[in-house]
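The values are calculated or read from the model by the stated rules, or taken from the named source; none is laboratory data. Note that the coordinates shown come from a computational prediction; the quantities given were computed from them, not determined experimentally. Every residue, glycine among them, receives a Cβ derived from its backbone with ideal geometry; neighbour counts consider all protein chains shown. Note: areas computed on protein heavy atoms with side chains; ligands, DNA, RNA excluded. Shrake-Rupley method; radii C 1.70, N 1.55, O 1.52, S 1.80 Å.
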Amino acid sequence: AAMADGDGLISVDYEVHGKVQGVFFRKYTQAEAKKLGLVGWVQNTSHGTVQGQIQGPAARVRELQEWLRKIGSPQSHISRAEFSNEKKIEALDHKEFQILK
């Protein structure tokens, strides 16, 4: 049977703007991604944002995108989340969801 679009694997890069550093944003993002069964990474940037990559089933990636856009960590204040380089992938490039220094 052909897989429905929602079941295919996708990869998407993200960058979250706002008060997202020093508020455990990376730790919460990692926990949320693991809960959803996604892989990828997250890191702070030198210009005060958080960026990374998410990979997994499209429907689950959408859930994390929504979380990054609206929820974040309890003390964070998200002004906006940008997503780029979305593409379908055949296999995952990462084994887990890591916090990069």
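What to note about this one:
- Among the residues of this structure, GLY22 does not count as one that is part of a strand (DSSP E or B), small (Gly, Ala, Ser) and either on the phi > 0 side of the Ramachandran plot or surrounded by 16 or more Cβ atoms within 10 Å (Cβ to Cβ) (or both).
- Test: residue in the stretch 32-55 that is part of a helix (DSSP H, G or I), open to solvent by less than 10 Å² (accessible area, probe 1.4 Å) and in contact with a helix residue (DSSP H, G or I) (Cβ under 7 Å, 6 or more places away or on another chain): yes
- Screening HIS17 on (1) open to solvent by less than 40 Å² (accessible area, probe 1.4 Å); (2) part of a loop (DSSP other than H, G, I, E, B) shows it passes everything except condition (2).
- Per-region count, the stretch 59-75, residues of a type in the set (A, V, I, L, M), surrounded by fewer than 18 Cβ atoms within 10 Å (Cβ to Cβ) and either in a helix (DSSP H, G or I) or in contact with a Pro (Cβ under 9 Å, 6 or more places away or on another chain) (or both): 1
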